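Participant: Here it is, the structure in full.
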Amino acid sequence: MNKLTRRAFLTGGSALAAFTLTQMATGSSAGAQQQKSSLLAQSRVLNLYSSRHYDTDERLYNGFTEQTGIRVNLIEAGSDELIERIKSEGSNSPADVLITVDAGRLWRADREGLFAPVQSDILESVVPSYLRHPEGHWFGLSKRARVIMYNRDRVNPTDLSTYEDLANPKWEGQILVRSSSNIYNQSLVGSLIAAHGSEETLEWCQGLVSNFARRPTGNDTAQIRACAAGVGNLAIANTYYLARLAESDNESDREIARQVAPFFPNQRGRGAHVNISGAGVVRTAPHPEAAKAFLEYLVSYEAQEIFAKGNNEYPVRANVPLDEELASFGQFQEDDVSAAVFGKNNPEALRIMQQAGWQ
Ligand SMILES: [Fe+2]
């Protein structure tokens, strides 16, 4: 966000505050409502609450402004914080759109009643049905695959097959993965519950935990680094973390990326686990039309190219070229279970992970 938009936001914010004071003083809600709409109609802004912290996202917001003349005011924070903030702001919330990573978090926001249903032919035709809420409460904007990464020197990829096989005692002391508090892992376990039910998933989790190379620590990058260093020979991580290391300015990062390769599991079955970064229009959005237009812009060819190149993610729109590094990982079959299932299964996934002793 540039200085201009930042200033514009401050101006918009004080106008809103002034309006709220007027409303409190007059107590006239119909008149106040009218005043609010006309005030907001003039402002031509979109208030975006985002938990994505990627520098390249700014290009997306600027692209939208260029096309529509609508300025994007960005509020960045952790997703739980943003959800709490929208809840506590209530009907006066300036939030128009909430963007977050992981379908599990979108589900949480939806469970709190934060999203309005959006009906859009564009969003429905571009975003595959398994990557969006069935009634349009949220839409996937980019995909991330959570796969097995292996140490090239120590593992023969022909020994790898499925997520299920990671519980096999043959991998004892070899598996690196971040903690169970991480939503990516919770959603992965949610996908296993969808495929096998709770009982089998618990058994799988127990087998997986008993194969851990160490107590979970660090993020996905830390697992890939540890895999290269031989702390364990297999890591569970999202593909963009490996692509990022491979494209790093730092030679030692690139060396780590050369030592580790991605393996797409379950290619003879349901496919590799895919999650999304996604967004929904806030139920109390002061600018619902701009919000819908913004989501539609985010799935345009132009925006999808930025998603693909900016954070090494997979576009949701078909036929958008991938980032070079990501493309080098090869094509794969995706598990097309609805992303809505990850959230629905989240409490059960957490219970199972805890019971299995996944720290
Ligand atoms: Fe991430």
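Participant: Net charge near Gln304: determine it from the other residues with C-beta under 10 Å of the C-beta of Gln304, scoring Lys and Arg +1 and Asp and Glu -1.
Facilitator: Taking every other residue near Gln304 into account, the sum is -1.
Participant: Please report, in whole Å³, the volume per residue of the convex hull around the C-alpha atoms of segment 257-339.
Facilitator: That works out to 119 Å³ per residue.
Participant: Another question about this same structure. Measure up Lys87/Lys344; Lys87/Lys309; Lys87/Lys143; Lys143/Lys170 against 24 Å on the Cα-Cα distance and list the ones that go over.
Facilitator: Lys87/Lys309; Lys87/Lys143; Lys143/Lys170
Participant: Using a Gaussian network for the chain with springs between C-alpha atoms less than 10 Å apart, which of these wobbles most: Ala77, Ala291, Ala339?
Facilitator: Among Ala77, Ala291, Ala339, the largest GNM mean-square fluctuation belongs to Ala77.
Participant: For segment 130-138, what does the Karplus curve 6.51 cos²θ - 1.76 cosθ + 1.60, with θ = phi - 60°, yield as ³J(HN,Hα) per residue in whole Hz, taken in order and with x for Gly and Pro?
Facilitator: With the stated coefficients, segment 130-138 comes to 6, 10, 9, 5, x, 10, x, 6, 8 Hz.
Participant: Can you give the charge dipole size of the chain about its Cα centre, rounded to the nearest 20 debye, using +1 on the beta carbon of Lys and Arg and -1 on the beta carbon of Asp and Glu?
Facilitator: 700
Participant: Taking 8 Å as the Cα distance limit and 6 or more residues as the minimum spacing, I'd like the relative contact order of segment 288-359 as a percentage.
Facilitator: Across segment 288-359, relative contact order equals 16 percent.
Participant: Let me ask another. Go through Pro321, His273, Ile352 and say which Cα lies farthest out towards the positive end of the charge dipole of segment 270-359; charges sit on Cβ, +1 for Lys and Arg, -1 for Asp and Glu.
Facilitator: Ile352
Participant: Using the Kirkwood radius built from alpha carbon pairs, what does the Stokes-Einstein equation give as D for segment 34-164 at 4 °C and 1.567 mPa s, in µm² per second?
Facilitator: This corresponds to a translational diffusion coefficient of 74 µm²/s.
Participant: Now for a different question. Rank the residues Tyr301, Tyr49, Tyr61 as a footprinting-exposure proxy: fewest other Cβ atoms within 10 Å of their Cβ go first.
Facilitator: Final ranking by Cβ density, sparse to dense: Tyr301, Tyr61, Tyr49.
Participant: Taking only the Cα atoms of the chain, how large is their convex hull per residue, in Å³?
Facilitator: Each residue corresponds to 136 Å³ of Cα convex hull volume.
Participant: A further question on this structure: Defining a contact as two alpha carbons under 8 Å apart and six or more residues distant in sequence, what relative contact order in percent does segment 80-234 show?
Facilitator: Relative CO of segment 80-234 lands at 25 percent.
Participant: Round to a whole angstrom and tell me the spacing of the C-alpha centers of segment 228-279 and segment 288-359.
Facilitator: 15
Participant: Now a separate question. Taking the convex hull of the alpha carbon atoms in segment 105-238, what volume per residue do you get, in Å³?
Facilitator: Spelled out: Cα convex hull of segment 105-238, divided by residues, is 130 Å³.
Participant: Given the C-alpha centroids of segment 152-215 and segment 70-106, what is the distance between them in whole angstrom?
Facilitator: 32
Participant: Can you say what percent of the DSSP beta bridges in the chain, counting only those with both residues inside, are antiparallel? Round to 5.
Facilitator: Bridges in the chain are about 65 percent antiparallel.
Participant: Let me ask something additional. Given a cut-off of under 8 Å on Cα pairs at least six residues apart, what relative contact order in percent is computed for the chain?
Facilitator: This gives 26 percent for the chain.
Participant: For segment 307-359, what is the Kirkwood estimate of the hydrodynamic radius, computed as the reciprocal of the mean inverse distance between distinct Cα atoms, to one decimal in Å?
Facilitator: Result for segment 307-359 stands at 13.9 Å.
Participant: Can you tell me the Rg and the Dmax, both Å, for the Cα atoms in segment 215-311?
Facilitator: Just the Cα atoms of segment 215-311 yield Rg and Dmax of 18.1, 52 Å.
Participant: Turning to a different aspect of this structure: To make sure I understand, if each residue's beta carbon is the centre and we count other beta carbons within 10 Å, what order do Leu106, Leu123, Leu160 fall in, fewest to most?
Facilitator: Fewest-to-most Cβ neighbours within 10 Å comes out as Leu160, Leu123, Leu106.
Participant: At q = 0.14, 0.17 Å⁻¹, what base-10 log of I(q)/I(0) does the Debye formula yield for segment 163-281 when every alpha carbon is treated as an equal point scatterer in vacuo?
Facilitator: Per q value, in the given order, log10 I(q)/I(0) is -0.62, -0.90.
Each reported figure results from applying straightforward, stated rules to the coordinates on display, with no laboratory input. Treat the numbers as computed from the prediction; the structure is a model and nothing was measured. Counting neighbours? That spans all protein chains shown, and the Cβs are built from the backbone with ideal geometry, glycine included.
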